[in-house]
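For reference, the structure discussed in these notes is given below.
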Amino acid sequence: MKKITILGSTGSIGVRALKVAGSNPENFKIVALSAGKNKDLLLSQIEAFRPAAVAVSEESLAIEVKNCLPASNAPEVLFGVEGFVRIATLESVDTVVSAMTGAAGLVPTYEAIKAGKDIALANKETIVMAGPLVMAEAKKRGVSILPIDSEHSAILQSLKGHSREDLKRVILTASGGPFRDMPLDEMREVTAAQALRHPNWSMGPKITIDSATMMNKGLEVIEAKWLFGLEIAQIDILIHPQSILHSMVEYKDGSIIGQLGIPDMTIPISYALSYPRHVSNGLSPLDLEKVGNLSFERPDMKRFRCLGLALKAAAEGGSVPAVLNGANEVAVDAFLRGDIGFLDIPELIEKTMEAHNHHPVDAIEAVMEADRWARDTAVGIRNSEFGIRNSELRVKKSVRRSI
Ligand code: MG
């Protein structure tokens, strides 16, 4: 019986992870849950899974949750970073599903590793920001980090049973998102609602925008580098619009091993939880006849500037990946609020990276500091340099509306 904490249980990954745990009650016991803001969903999860503890982001929300719980047999209700850290490090827990969004997941995940918990990692930002520190700590504590990321789950499966010295390269596949073929001029005008409509995957808003800009694939290159001990030059990217072949490993003799499956995050979640076994998860099987064709193409780096920025950050290392990530979170948030345009996202990230003095990071505090610096700087640039552009965009939109 594996005892589990889920960080981010009300998000898209958390909900699916609970489904997997709920359909295998003989294998998994939920010890603790955490949510950002979604009180109602958290309450229904508490009722269904009876965790010993829960954590939420704010104290006021913790009080609201407490007030809704029965007087007896209620879970302990915690809040803030301390609360997340506490449920991630509880003595009885074996595995932490790290599925919070963005940089907020870093500290609780890192503390869970220090406490010797195995990690099922959906929060790729943790490893993008602090890859060398996270991997060193995991090695020291004998902790497994199993990816809840379809590409990395595919790579993990494709590496099994093969000799690492025979590896030639890894090929990450990408859907290319909703704007793969859209003319650049039109891309400039796309709205958050359009960008949130992913053609294949159903995911949270942050990662869906990252998929539309292909920043997600850039972050995944950095994630693959650290998870599998690869050089950046060994990682290639191919756009594969059907999202059926989830990634591949090429060996020296020309053999390419990959993993196929329907595009549903339940598969990498159940593999990370039941590793190295493949257990039933109730999904409908992949119907290759129905899919018909699988196609592949190189990504257009002019269209997907975020990808180039991520590769640059990966090559520079040190504080730069944390700066890339922090600036991206600010840019995505600004885009979702309608403050900047879609093509302003890479612009804002690039300007933040240009303003940064690259330095090595030897502790989590230094990573957090680089993250804070990037957010402050990106917000400053957003306000000073995108303010004017912003109002132009609004004028343009209102003109079009009146036509
Ligand atoms: Mg992925």
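The values are calculated or read from the model by the stated rules, or taken from the named source; none is laboratory data. As the structure is a prediction and not an experimental result, all values here were calculated from the model. Heads up, the Cβs are rebuilt from the backbone with ideal geometry, glycines too, and the neighbour counts pull from every protein chain shown. Protein only, heavy atoms only, side chains kept; ligands, DNA and RNA dropped before computing areas. Shrake-Rupley method; radii C 1.70, N 1.55, O 1.52, S 1.80 Å.
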For this session: Among residues belonging to the range 173-214 that are surrounded by fewer than 22 Cβ atoms within 10 Å (Cβ to Cβ) and aliphatic (A, V, I, L, M), point out the one that is nearest to the chain's Cα centre (by Cα).
Result: MET203
Problem set entry | Residues located in the range 154-178, provided they are within 16 Å of the ligand (Cβ to nearest atom) and part of a strand (DSSP E or B) | VAL170, ILE171, LEU172, THR173, ALA174
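Is at least one residue of the range 342-353 aromatic (Phe, Trp, Tyr) and open to solvent by 50 Å² or more (accessible area, probe 1.4 Å)?
So the first thing to find is which residues in the range 342-353 are aromatic (Phe, Trp, Tyr), and the list is 342.
Those still in the list that are open to solvent by 50 Å² or more (accessible area, probe 1.4 Å) too: none.
No: the range 342-353 contains no residue that is aromatic (Phe, Trp, Tyr) and open to solvent by 50 Å² or more (accessible area, probe 1.4 Å).
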Exercise. If you scan the range 295-343, which residues turn out to be under 25 Å from PRO132 (Cα atoms) and part of a loop (DSSP other than H, G, I, E, B)?
Worked result: GLY317, GLY318, SER319
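Scan the strands (runs of 3 or more DSSP E) fully inside the range 28-146 and keep the ones with 1 or more residues being buried (at least 23 other Cβ atoms within 10 Å of the Cβ) and not polar (S, T, N, Q).
Details: elements: 28-35, 53-56, 76-79, 95-98, 118-121.
By residue number, 28-35, 53-56, 95-98, 118-121.
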Exercise. Among GLU151, GLU64, GLU58, which is the only one that is acidic (Asp, Glu) and within 16 Å of the ligand (Cβ to nearest atom)?
Worked result: GLU151
Seminar exercise, completed: For the range 238-252, pairs from a residue that is of a type in the set (S, T, N, Q) to a residue that is in a strand (DSSP E or B) and open to solvent by less than 20 Å² (accessible area, probe 1.4 Å), with Cβ under 9 Å and 6 or more apart or across chains, are SER243/THR173; SER243/ALA174; SER247/VAL170; SER247/ILE171; SER247/LEU172; SER247/THR173
For this session: Answer yes or no: is there a residue in the range 88-100 that is more than 16 Å from the ligand (Cβ to nearest atom), more than 21 Å from LEU18 (Cα to Cα) and without any contact (Cβ under 8 Å) to a residue 24 or more places away in the chain.
Result: no
Exercise. Exactly one of (1) outside any helix (DSSP H, G or I); (2) within 16 Å of the ligand (Cβ to nearest atom); (3) over 26 Å from ASN325 (Cα atoms) is unmet by ASP253. Its number?
Worked result: (2)
Problem set entry | Tabulated pairs, the range 197-220, first β-branched (Val, Ile, Thr), second modelled with pLDDT under 90 and within 13 Å of the ligand (Cβ to nearest atom), C-beta under 7 angstrom, 6+ apart or interchain | THR208/HIS198
